[in-house]
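The structure appears right after this line, and notes come after that.
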Amino acid sequence: MVDGLVFSLLGSALAVGLAGIGSAVGVGIAGETGAGVMTEDPNKFGQVILLQALPGTQGIYGLLAGFWVLIKLGLLGGTPVEVNVAQGMQIMVSCLPIAIVGLLSGIYQGKTSAACLGLIARRPGETGRAIILPAIVETYAVLALLATILLLNSIQV
Amino acid sequence: MAISDMKRVDLILHRSLRDEAIALLQDAEVMEITSENQIPEDLELKPCIEDSVVEIEEEINQVRRCLEFIQKYRQQKPKGWFLTPIEVSKDNFTHPQFNYLPIYQACVSIENQLQDIRNRVNRVNSHLEFLKRIEKMDIPLEDVGETRFTHSYLLEITEENWVLFKERLQAIGKEWYLNEFKGEGRSVLAFLVIYRDLLNSLEEIFADLSISPLSLPQAFEGTPRQVILKLEERKKSLAEKEQVLITKGAIYQKYEDQLKILFDYYNTLWEKRQTEAKIWKTDQTCLISGWVKEENLPDLEQALAKEKKEWVLYQRDPQPGEDVPIYLENHPWVENFDILTRLYGLPNYTEVDPTPFMAGFFFFFFGICLGDVIYGLAIALLGFGAAYFLPAPLSTKRFIKMLAWGGVASLVMGLFTGSWLGDLFDYLPSSLAFLNNLRSSLMVIDPLNNPLPMLIFALGIGIIQILLGILLGFYKEWRRGNYGKAVLDHLSWFIFITTIVVYLLSMVAIPTIQPVVLPILVGAVLFLIATQGRHQKNPIMKVLSGLLSLYNLVSYLGDVLSYSRLFALGISTTIIAVLARTLGSLFGGAPYIGWLIGLVVALVFHLFNLGMSGLGAFVHSVRLQYVEFFTKFYENGGHEFKPFRYKTKYIKLH
């Protein structure tokens, strides 16, 4: 059924796309601050790259969810499964948690990372703690990913 | 005891023994010296500052400058990531013979000369920039200026203004001479010689057309082209001079070790002076106060007794409210996880060291989050190898070992969930099928096809850790003698949550015990309602806030659900590994070198996964300790025990 497939692919694309945008914006925000920190002290590259990478996980979660849909549909080197409209919409809706939460939490995690970069610029000894604060934001992306995986898993195709 | 027992020590000795005692304490490295602040006023004690630290600071700065100089101009790069400490005997260290001043002066002089050369090069460069603009003017530059009757100018005028300028010039008279050259872009260069009586009119033209004559940055001789050649020549000779100086500077690298030893020596001396400021004295005696680990006290007394007899040592237990320094002492395996406690903040003296409880959980959580046999194996091998072979400082080694142990846990969890580079082993050639058989025989839970058991497993661990947290809170308060608080705020909740869990279990598994559990549960609820409002005065408010306290259950529920991340991160590692395999095999299907591209794609994906999932596993495992576990019982706020010692950065005493 072509119709169901379209919805499924839309879900997959939303998960990859929106969560990817979230991470891109987040990593961008953190990177701008990181460059500022490095003009003061280029030796902080290691810490800066670590904090800049933290908001990058949402994009990976989105990609993961998106590919999980493709694997479920047998579109990646398997036999394609037939999906009806109802199943297709179910799959699409299952992708929404990580798509929406990934988009927003990526941006906010980026802001937190940027603030923490400011922290390590002044107090280089606090890197360990500075990594934890953005991770608290990421919690919700992890939970959304969890929801998406459980939802996808409950759909029978 | 994970937090070492400390004793407050007051050492009173004859003033003549002061220096010996300080040297002895610095040698022993067992006592943190603090200033005694409860001194009766009639004792007439004064702080014992005799030498100024300003000179030492000056010396430290000078040696540091030498080291920075060497660092900047060294020609052989140091090998390895970590500095190997220089071994020095104690005698050589405490009585340095090395005079750094000639080196310092030489370094400063070379620095100054280099700075001078750089300034000159900058000046030459800016002149060159100007001259290149007017390079095409074939005029001896010494002609620019004024004579008795004429003025001469260098002009750069846009092509649009050029015609206008010439017209205006012709209008004011004939006593001038104009030589035109092609300038850069759309501009014209000109050399203008003009009779001085026309100067006023010329100024007007300049103002109207907003032309400003070019002024030479300094007097030059010859045409611009000749001057440029001359300056290029000078630049070259300056660069040669600079190179000679840099080579000369590199010679001082041979003193690096001696300077480093000296640097540590002066720092140790500085530390000593700072410590001396915390010592009180009267006419005849000194008072050295501080903290010593209980186990080190006999050794210290013995060491003192060996020297002289004119001293008395008082010791006592810490009093409540005193800021006792913290020294963590744990099992060698647990010590690898110390760093996590330190990151959060050391415990205060009256509570429990969370490290031994947290270490096992962190180890386990990291394993669940990464959860792959091959990834775990890679991290464990790399980590233990690095910890064994790299000459890293102890704290770095412990951190690496902690990650390596996380790798071991991940290996075990990978066996448990059957993740060996994701599902790669399903696609092994039939000759290697035994490996896949091994995999399936060891697999207990298959989260990819049936995620629920793994999720319940993660939440179950969460419940266990939270209950342990509450129990530790109970233990902490009980030990402090706050029995009421311990029972009412901690034990009651522990029993309440445990009964809820048992009740839920009994609903699904063993319905027969349900009648036993239910009364306990009701009893626990009533107990909480009765006791949690005890701080309120109004009896109605007592009941109401007792009821309201049951709402805390929601926050415990939230904490437990937070552990679902363990499952989510674990399965995401596996899924990305599956993706790596899928993409690899997609590319691998291409003809000719397809297999190679597929292999590279899969490998890059796996490495990326290892990095990101490893980071996630670390960060989220730490977070669960800090936010969900520590909040149940941990107060922190202690400061690290820093015994008075040789303050060394580069050397190792032997």
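Can you name every one of the helices (runs of 4 or more DSSP H) wholly within the stretch A:1-86 that holds 2 or more residues which are at pLDDT 90 or above and under 19 Å from the mean Cα position of the chain (by Cα)? Outline the logic, then answer.
Working: elements: A:2-40, A:45-53, A:57-72.
Fully inside the stretch A:1-86 and qualifying: A:2-40, A:57-72.
Among all residue pairs at least 6 apart or on different chains, which show Cβ distances below 9 Å where the first residue, located in the stretch B:233-258, is in the same structural domain as B:ASN119 (by TED's automatic domain parsing) and closer than 30 Å to B:ASN92 by Cα and the second is part of a helix (DSSP H, G or I) and among the charged types (D, E, K, R)?
Cβ pairs passing all conditions: B:GLY249/B:LYS72; B:GLY249/B:GLU111.
List the helices (runs of 4 or more DSSP H) that sit entirely inside the stretch B:286-377 and contain at least 3 residues that are within 14 Å of chain A (Cβ to nearest Cβ). Give the steps one after another, and end with the answer.
Working: elements: B:297-307, B:332-335, B:338-344, B:355-370.
Helices (runs of 4 or more DSSP H) meeting the threshold: B:338-344, B:355-370.
Got at least one residue in the stretch B:519-529 being within 10 Å of chain A (Cβ to nearest Cβ) and farther than 30 Å from B:PRO354 by Cβ?
The answer is no, given that none of the residues of the stretch B:519-529 is within 10 Å of chain A (Cβ to nearest Cβ) and farther than 30 Å from B:PRO354 by Cβ.
Could you say which residue among A:MET38, A:MET92 is touching a residue at least 60 places away in the same chain (Cβ under 8 Å) and away from every other protein chain (no Cβ under 14 Å)? Let's see the steps before the verdict.
Details: A:MET38 fails: touching a residue at least 60 places away in the same chain (Cβ under 8 Å).
So the residue among A:MET38, A:MET92 that is touching a residue at least 60 places away in the same chain (Cβ under 8 Å) and away from every other protein chain (no Cβ under 14 Å) is A:MET92.
Kindly indicate whether B:ILE139 is crowded, with 17+ Cβ neighbours inside 10 Å, closer than 25 Å to B:LYS230 by Cα and out of contact with any Leu (no Cβ under 7 Å at 6 or more places or on another chain). Explain how you work it out, then say what you get.
Details: crowded, with 17+ Cβ neighbours inside 10 Å: yes; closer than 25 Å to B:LYS230 by Cα: yes; out of contact with any Leu (no Cβ under 7 Å at 6 or more places or on another chain): yes.
So B:ILE139 passes the test.
Table: residues versus (1) farther than 30 Å from B:LEU189 by Cα; (2) in contact (Cβ under 8 Å) with a residue 40 or more places away in the chain; (3) in contact with a helix residue (DSSP H, G or I) (Cβ under 8 Å, 6 or more places away or on another chain).
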{"position": "B:PHE69", "(1), (2), (3)": "yes, yes, yes"}
{"position": "B:GLN75", "(1), (2), (3)": "yes, yes, yes"}
{"position": "B:PRO85", "(1), (2), (3)": "yes, yes, no"}
{"position": "B:VAL88", "(1), (2), (3)": "yes, yes, yes"}
{"position": "B:THR94", "(1), (2), (3)": "yes, yes, yes"}
{"position": "B:TYR100", "(1), (2), (3)": "yes, yes, yes"}
{"position": "B:SER109", "(1), (2), (3)": "yes, no, no"}
{"position": "B:SER126", "(1), (2), (3)": "no, yes, no"}
{"position": "B:LYS132", "(1), (2), (3)": "no, yes, yes"}
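With respect to B:PHE527, is the statement that it is at pLDDT 90 or above and over 30 Å from B:THR573 (Cα atoms) true? Can you show your working first?
Values: at pLDDT 90 or above: no; over 30 Å from B:THR573 (Cα atoms): yes.
Spelling it out, it is not the case that B:PHE527 is at pLDDT 90 or above and over 30 Å from B:THR573 (Cα atoms).
Taking B:LEU448, is it hydrophobic (A, V, I, L, M, F, W, C) and in a loop (DSSP other than H, G, I, E, B)? Show your work before the answer.
Numbers: hydrophobic (A, V, I, L, M, F, W, C): yes; in a loop (DSSP other than H, G, I, E, B): yes.
Taking the combined requirement at face value, the residue satisfies it.
Tell me, please, whether a residue that is aromatic (Phe, Trp, Tyr), part of a helix (DSSP H, G or I), modelled with pLDDT of 85 or more and outside the structural domain of B:TYR73 (by TED's automatic domain parsing) can be found in the stretch B:191-208. Step through it out loud before you land on a result.
Quick first cut of the stretch B:191-208, residues aromatic (Phe, Trp, Tyr) only: B:191, B:195, B:206.
Remaining after also requiring part of a helix (DSSP H, G or I): B:206.
Filter once more, so that each one left must be modelled with pLDDT of 85 or more: B:206.
Next, from what is left, pick out any that are outside the structural domain of B:TYR73 (by TED's automatic domain parsing): B:206.
There is at least one residue in the stretch B:191-208 that is aromatic (Phe, Trp, Tyr), part of a helix (DSSP H, G or I), modelled with pLDDT of 85 or more and outside the structural domain of B:TYR73 (by TED's automatic domain parsing).
Looking at the stretch B:8-19, which of its residues are surrounded by fewer than 19 Cβ atoms within 10 Å (Cβ to Cβ) and at pLDDT 85 or above?
B:ARG8, B:ASP10, B:ILE12, B:HIS14
With the condition kept exactly as written, say whether any residue in the stretch A:126-135 is closer than 30 Å to B:ASP446 by Cβ and either within 11 Å of the chain's Cα centre (by Cα) or at pLDDT 90 or above (or both). Lay out the reasoning, then the answer.
Step one: filter the stretch A:126-135 for residues closer than 30 Å to B:ASP446 by Cβ, giving A:135.
Applying the additional criterion that residues be either within 11 Å of the chain's Cα centre (by Cα) or at pLDDT 90 or above (or both) yields none.
Within the stretch A:126-135, none of the residues are closer than 30 Å to B:ASP446 by Cβ and either within 11 Å of the chain's Cα centre (by Cα) or at pLDDT 90 or above (or both).
Is it the case that B:ILE464 is without any contact (Cβ under 8 Å) to a residue 40 or more places away in the chain and either away from chain A (no Cβ under 14 Å) or within 30 Å of A:ASN153 (Cα to Cα) (or both)?
yes
The values are calculated or read from the model by the stated rules, or taken from the named source; none is laboratory data. Predicted model, so just to flag it, every value in this text is computed and none were measured. Methodologically, a virtual Cβ is constructed for each residue, glycine included, from the backbone with ideal geometry; neighbour enumeration extends over all protein chains shown.
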